[in-house]
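Here is the structure we will look at.
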Amino acid sequence: TSSDYMLVRVEGRINNLPFYIERTKRRGGPVAVKTDLPEQLKIDPKIFVDGREIAKLFVGAPTEKALKLNQLLGFERYNQVASEITPAPVERRIQELEKQLSALRQIEDIRRRDAETTAEIGRIRDRLSALRVKYMMDSALLKWAEEVKQRAEEARQIELEMKGKLKLLEQYRIQLKSLPEAAEGVEEELHEMEARNDALNRRIAVLEASIKMIELQKGMNVQTCPLCNAPLSKDALERFKHMEEEYRKVLDEYSRLQTSLAQKRKEVEEYRRLLEQRRFIEAQMSRLEDEIAQTKVQSVAEEDLLKALQLLKEAEETKREIELLESKLSSLEAQKEAYQTALAQLGSVEAANLEYKIRMLKDLANKIKRIKSALIEAVNEAKNERLASIKSSFKEAFKKIYPYERIKDVDFESRIVRGHEVLYVKGKVDDAWVYAHQMSTGENVALSFALLLAVNELVSSPLLLLDEPEEGLDESGVRGLAEVLKKMKTRTQLLIATRSPLLASLLRSEGGIK
């Protein structure tokens, strides 16, 4: 070893096989551990303790520094065994057997229901057979009944159509009677009036032309006719003078004729409309009369129709009953199959055998519960005894390593943290308890070595490697630590690497410490 480098190597034999543990450390560098053991153990209170890392005996965050209680006392395996001891599988098997026993006790009821179902299936099959035979035998009659029903429906339809046509024909007759009689000869009268109107138009045109010529020839010695250029006599000229009077008469007649002509045209238009309507109604009546005359109704005897309808009704009821019985038969056959399956499963099991198995399993479950309870009770009792022993040794060792007044007393308490029972180490300062995270490094080292000594007295480790255990301790603390280590050597082989001449001199005088 040197001030910058340290090597610790331990060799031994386990089961007559050699092994070694080698730990190297450089100042400012990481710690390296080599071993040919199955598991590399860097920090273990039973093999190696580093003074600088002694506080790591406490696990968790600064506010949770504590020792795992079951691991410390060696009870972790017992707790695991206790957790694995459970009557749950046995209780589940008991429930299964109790269900089977309950089902077995119902076997007589199942057999009775199976017999009833079998009888009902037989009755339904017999009824179905009879109904199917009857349905087949009635097939010819059913065909006749269908034809009769169809003819009756066709006759009923034709009869309804005939009634509709007769009703419509009667409506046409009433409508025809309600039409006013058309005045005959109105068209001839209209033709005569239109001819007279044309004649008056021509006469008016002649008169207007003659009057115009006369006005133009006034004051002129006219000897010829202004229209035909024929020589005019004095009598002819005299007659032309009366044209204006005739023109006025013609215009008056023409005006009266226009009024009469307009009225007559309306009468002719109404006449033609009524005539067209009458012709349409008469044509529809003729068509309906022809259709009625050509319609032939094949009547069906009332007795045949009633018989056919009764046959069809019975056939429909038979068909419906067959369908219902087939559905019921299918359901009953499924029930019978379920009963047979249940009987096959339960028939080979005896109630007495099941009851015996259930009784034995219940005894086994109770024994498992008692074993688990006894194991937990024994572990707790041993735990309390060991804790009492550890607490006494812990307090005594701490006073030797820490001979100061600040911490007047030390103790620990048990808590459950993340599913593990752990020890929280605490010290009493000014009538108040403080925990490890509230203490100095030296106080933590003193607490740790005191607890290590107490545990080692209870369960001794064959070998402890201590690397600079004086870390964080002053001279008084080192002397107290030396006294504690001297006491430990009676139970454990100690290998100590230290930089403290005081600790080395205090321990060198003792045998069994290297």
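Quick note: the coordinates plus some simple rules give every number you see, no bench work behind them. Just so it is clear, the model here is predicted, and its values are computed rather than measured. So basically every Cβ, Gly included, is an ideal-geometry build from the backbone, and we count neighbours across all protein chains shown.
Couple of notes before you dig in:
- Whole-Å distance, taken between Cα centres, linking the stretch 294-318 and the stretch 340-416: 92 Å
- Other residues lying with their Cβ under 11 Å from the Cβ of His191 contribute a combined charge of -4, Lys and Arg counting +1, Asp and Glu -1.
- Farthest towards the positive end of the charge dipole of the stretch 362-416, among the residues Val410, Phe394, Leu375, is the Cα of Leu375, using unit charges on the Cβ of Lys, Arg, Asp and Glu.
- Charging the Cβ of each Asp and Glu at -1 and of each Lys and Arg at +1, and nothing else, the dipole of the stretch 364-439 about its Cα centre rounds to 400 debye.
- Phe412 sits among other residues whose Cβ lies under 11 Å from its own Cβ, and their net charge, with Lys and Arg +1 and Asp and Glu -1, is +2.
- Of Lys25/Lys428; Lys391/Lys489; Lys25/Lys487; Lys362/Lys391, pairs whose Cα-Cα distance is over 32 Å: Lys25/Lys428; Lys362/Lys391
- Ranked list, fewest to most other Cβ atoms within 10 Å of each Cβ, for Leu507, Leu329, Leu324: Leu324, Leu329, Leu507
- Relative exposure of Lys319, Lys426, Lys165, judged by other C-beta atoms within 10 Å (fewest first): Lys319, Lys165, Lys426
- Put in order of Cβ neighbour count within 10 Å, fewest first, the listed residues Leu160, Leu251 become Leu160, Leu251.
- The Cβ shell under 13 Å around Asp138 holds other residues with a net charge of +2, Lys and Arg each +1, Asp and Glu each -1.
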